[in-house]
Amino acid sequence: MSKKKKVNVIGAGVIGITTALILQRNGYQVQILAEHWPGDSNINYTSPWAGAAWRPHFYLYPKKNVDKFERISFKAFWSLLQIPDTGLMSTTIYDYMDKKPVVYRSDWFKEFFRVLPPYKLPPGVEFGLSYTTITINGPKYIRWLLKQFTIAGGKIKKVRLSHINESFDDDVDIVVNCTGIGARTFGGVQDSTVFPTRGQTVTVWAPHIKTSCFRSKFNCITYIIPREDGEVVLGGTYEENNLNEKPNLKTTESIIQRCRELCPELTSSKGAHALKILSYEVGLRPSRIDGIRLEIEEKKNSKGKDIIICHNYGHHSYGYSSSWGSCLEAFELIEAAITNERGNEKLNSKL
């Protein structure tokens, strides 16, 4: 690359920062533009509220390259496990489903998951898997990720944008749209297929819990996600188009009861009422009817300069699980667009 391409990435969630880091490490001059940053607490800033654990979703979204993205992301997270301050931890997960998924086989994934025999399934569960996974302390991880970006020479700017055109600085060549839930109303994008899916969780202190558990029902999921620092996230809910940012007491009670049933070890060592609650959280997942939007378009800035735009949003509940894979795909789309742009320049010069 003879001249560094200048990039503005819109959004400082896990998708925005990961995309920016990949680009910065590959010779681009990148700036992140965002209103909310690691350390902020806003319901529309999704990444800090996530559980989060790497958990495969290819059997839910088999047509959207989710398998590929999650495979790449797992390997990336695994390579980061021993690095201090990432907030990552390796653990065993028991993944229970009340109904067996229609698609659950993956040539890669089947190499290390184990289908649980019926006698090891809780009552009412039809199918279960056991495998090694990685849990992610979301707030800690995105702080670490942003630090890597700035160490690599990336720039940050706190700003509230109302339209994508506001990111078209005179010297910018590429804009990456990682606005998540904001893509629904963001000027110049206004994707009506994006909608919020509310999630509510409870964080407790339970350092003796080292195993993660999930149980999936129709429109209901129960999960227990231990973190490396002794905290455990209990969840959860899938409430489409619910914007209520306050924790619901009845929902909290339901989450705790479901988690106790799924994992009696949560309270068995100190009694049924000894659960030490640290906090209650509510976040909005950036859901999208057609799944992740990963595509290139071109626009012109106010001076007629061509701007490459890459959209990378709509990750629903698998933002962390697919982050490295989908952001690498965004990088490859940008590289291809630049190559195509150069090819057109050479062609036009000969005409």
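Before moving on, here are some points about what is shown:
- Principal-axis analysis of the Cα atoms of the chain puts helix 249-262 at an angle of about 70° to the longest axis.
- Protein accessible area in the chain, 1.4 Å probe - carbon and sulfur %: 50 percent
- Across the cross-link table entries Lys157/Lys276; Lys210/Lys250; Lys68/Lys157; Lys75/Lys300; Lys68/Lys158; Lys147/Lys300, which are compared at the Cα atoms, the separations over 29 Å belong to Lys157/Lys276; Lys68/Lys157; Lys75/Lys300; Lys68/Lys158; Lys147/Lys300.
- Tilt relative to the chain, helix 66-80 - C-alpha long axis, 0 to 90 degrees, to 10: 80 degrees
- D_trans [Stokes-Einstein, Kirkwood Rh over alpha-carbon pairs] for segment 144-187, 4 °C, 1.567 mPa s, µm² s⁻¹: 105 µm²/s
- Angle between the chain longest axis and helix 138-151 axis [Cα atoms, degrees, rounded to 10]: 30 degrees
- Among residues other than Glu239 with Cβ under 10 Å from its Cβ, the summed charge is +1 (Lys and Arg +1, Asp and Glu -1).
- Each peptide in 76-84, 318-326, 91-99, 226-234 was scored by the mean count of other Cβ atoms within 10 Å over its residues; highest first, the order is 318-326, 226-234, 91-99, 76-84.
- Counting only DSSP beta bridges whose two residues both lie in segment 6-342, roughly 70 percent are antiparallel.
- Excluding ligands, DNA and RNA, the accessible surface per residue across segment 6-342 is 44 Å² with a 1.4 Å probe.
- Restraint check, Lys6/Lys299; Lys155/Lys305; Lys6/Lys155, Cα-Cα greater than 18 Å: Lys155/Lys305
- Secondary-structure-derived ellipticity at 222 nm for the chain, considering helices only, amounts to -8500 deg cm²/dmol, per-run term -39500 (n - 2.57) for DSSP H runs with n ≥ 4.
- Of the residues Thr197, Thr251, ranked by 1.4 Å probe accessible area with the largest first, the sequence reads Thr251, Thr197.
- At the residue level, Ile17 shows approximately 0 square angstrom of accessible surface with a 1.4 angstrom probe and all protein chains present.
- The residues neighbouring Pro196, those whose beta-carbon lies less than 11 Å from its own, together hold a net charge of +1 under the Lys/Arg +1, Asp/Glu -1 convention.
- Net length gained if the chain between Ser279 and Gln82 were fully extended (0.36 nm per residue, minus Cα distance): 68.1 nm
- When you work out D = kT/(6 pi eta Rh) for the chain at 4 °C and 1.567 mPa s, using the Kirkwood radius from C-alpha pairs as Rh and the Stokes-Einstein form, the result is 61 µm²/s.
- Among Ile156, Ile151, Ile136, the order of accessible area from largest down is Ile151, Ile156, Ile136, computed with a 1.4 Å probe on protein heavy atoms.
- Calculated on the Cα set of segment 1-43, radius of gyration then Dmax: 11.7, 42 Å.
The values are calculated or read from the model by the stated rules, or taken from the named source; none is laboratory data. Just so we're clear, the structure is a prediction, and the values are computed from it rather than from any experiment. Backbone-built Cβ (ideal geometry, glycine too); neighbour counts: all protein chains shown. Note: areas computed on protein heavy atoms with side chains; ligands, DNA, RNA excluded. Shrake-Rupley method; radii C 1.70, N 1.55, O 1.52, S 1.80 Å.
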